[in-house]
1. Tally the residues that are out of contact with any Ser or Thr (no Cβ under 7 Å at 6 or more places or on another chain), small (Gly, Ala, Ser) and assigned to a strand (DSSP E or B), restricting the search to segment 105-130.
2. Which residues, taken from segment 32-76, are free of Cβ contacts under 8 Å to residues at least 60 places away in the same chain, out of contact with any Pro (no Cβ under 7 Å at 6 or more places or on another chain) and within 21 Å of residue 250 (Cβ to Cβ)?
3. Cβ contacts < 6 Å: first residue exposed (fewer than 15 other Cβ atoms within 10 Å of the Cβ), restricted to segment 238-261; second residue among the aliphatic types (A, V, I, L, M), any location; separation 6+ or different chain. Result?
4. Contact list please: Cβ distance under 6 Å, first residue in segment 191-212 and in contact (Cβ under 8 Å) with a residue 60 or more places away in the chain and under 24 Å from residue 161 (Cβ atoms), second residue of a type outside the set (A, V, I, L, M, F, W, C) and not in a strand (DSSP E or B), pairs at least six apart or on different chains.
5. Can you tell me which residues in segment 230-258 are β-branched (Val, Ile, Thr), in contact with a Leu (Cβ under 7 Å, 6 or more places away or on another chain) and assigned to a strand (DSSP E or B)?
6. Name every residue in segment 112-161 that is among the aliphatic types (A, V, I, L, M), more than 19 Å from the chain's Cα centre (by Cα) and farther than 20 Å from residue 33 by Cβ, in order of residue number.
7. Looking at (1) farther than 24 Å from residue 200 by Cβ; (2) buried (at least 20 other Cβ atoms within 10 Å of the Cβ); (3) among the aliphatic types (A, V, I, L, M), which is the only condition residue 53 fails?
8. So, in segment 224-237, how many residues would count as being farther than 15 Å from residue 85 by Cβ and in contact (Cβ under 8 Å) with a residue 24 or more places away in the chain?
Amino acid sequence: MMSQRYALLVIILLSAVTSRVGAQSYNPATAGGYSARSLTIPKRYLRVDLAPADYGYMDHGVINNDRGMKLGVWEADDVSLNLGAGAAYGILDEFEIGGLLFPFLFYPDFDFGDMELYGRYAFLQGKAQLAFQFTMQIPTNTDFAIGIGLPARFTIGSSARIDTGLELELIFADDAVVNLDIPFALSFDVGDSGFLGLRSGLFLPDMEELAVNLGVQGGFNVDGTVDLSASFNWPGFLWTGPGDAINPDTFEIVVGASIFVDI
């Protein structure tokens, strides 16, 4: 019954948003392309996140992850399928709030994951952008956690950008866990509305081991209001913990969309 209520809320939200999309004028593609976007969305704009907002800071580590439709293939042929739906709203041009609102796990068992809420303030803008972000994981499935970090974005020339940053994740389980997350994504504009790129990063679970991911991402903008995107990623391609040092058999595929609405 609870899962049916959440599914109904998702349908209502998407219906309300898509009914307004055609009337909007926001066009991130013609405003300079993917490489020219800001770390925060403009004032009074809503972004519905059915995909990662970027493939650096917002798609890495334990917190600020899991947006979009994600297929995970793990060792011993284990498979998982989940959908994370969220949203963000521009309070000011430099300040946005948002969250992961509907974290569904479909396979191997249906479940509802941990919700997240965050606030991001961009205190440096231009070719080099830097922001402060505080994230709170609501324990709707596992444990309460917070993320404290500095998202960063650097524009290279007129057609490339780097998404990176630094995040400290504090997970308040029975035994408290402290993770360090350092994502990295390099993306290039393709034409007026597309992008392609490479991704990597460092993740230190509980400050004891080191995982290095490796992947690719790409997407394109439709009519200035919808981004369609996809990525392929080996989350622990290099690993210093127990087991194999190189893990090409464990990977993730993420597909989804971001919808921009002027409200």
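1. Residues meeting the conditions: 2.
2. Answer for segment 32-76, where residues must be free of Cβ contacts under 8 Å to residues at least 60 places away in the same chain, out of contact with any Pro (no Cβ under 7 Å at 6 or more places or on another chain) and within 21 Å of residue 250 (Cβ to Cβ): 65, 76.
3. Sorted first by the residue in segment 238-261, then by its partner, the pairs are 240/210.
4. Going by the 6 Å Cβ cut-off, the qualifying pairs are 195/34; 199/55; 201/60; 203/61.
5. Taking segment 230-258 and keeping what is β-branched (Val, Ile, Thr), we get 240, 246, 250, 253-255.
In the following step, the residues that additionally are in contact with a Leu (Cβ under 7 Å, 6 or more places away or on another chain) were identified as 240, 246, 253.
246, 253, listed by residue number.
6. Hit for segment 112-161 is 124, nothing else.
7. (1)
8. Of the residues in segment 224-237, the ones farther than 15 Å from residue 85 by Cβ are 224-225, 228, 230-237.
Within this subset, residues satisfying the condition of being in contact (Cβ under 8 Å) with a residue 24 or more places away in the chain are 224-225, 228, 230-231, 233, 235-237.
Residues meeting the conditions: 9.
Where a number appears in this text, it was derived from the coordinates with a stated rule and is not lab data. Here the structure is a predicted model, which is why all the values come from computation and not from measurement. Cβ coordinates were reconstructed from backbone atoms using ideal geometry, including for glycine residues, and neighbour counts include every protein chain displayed.
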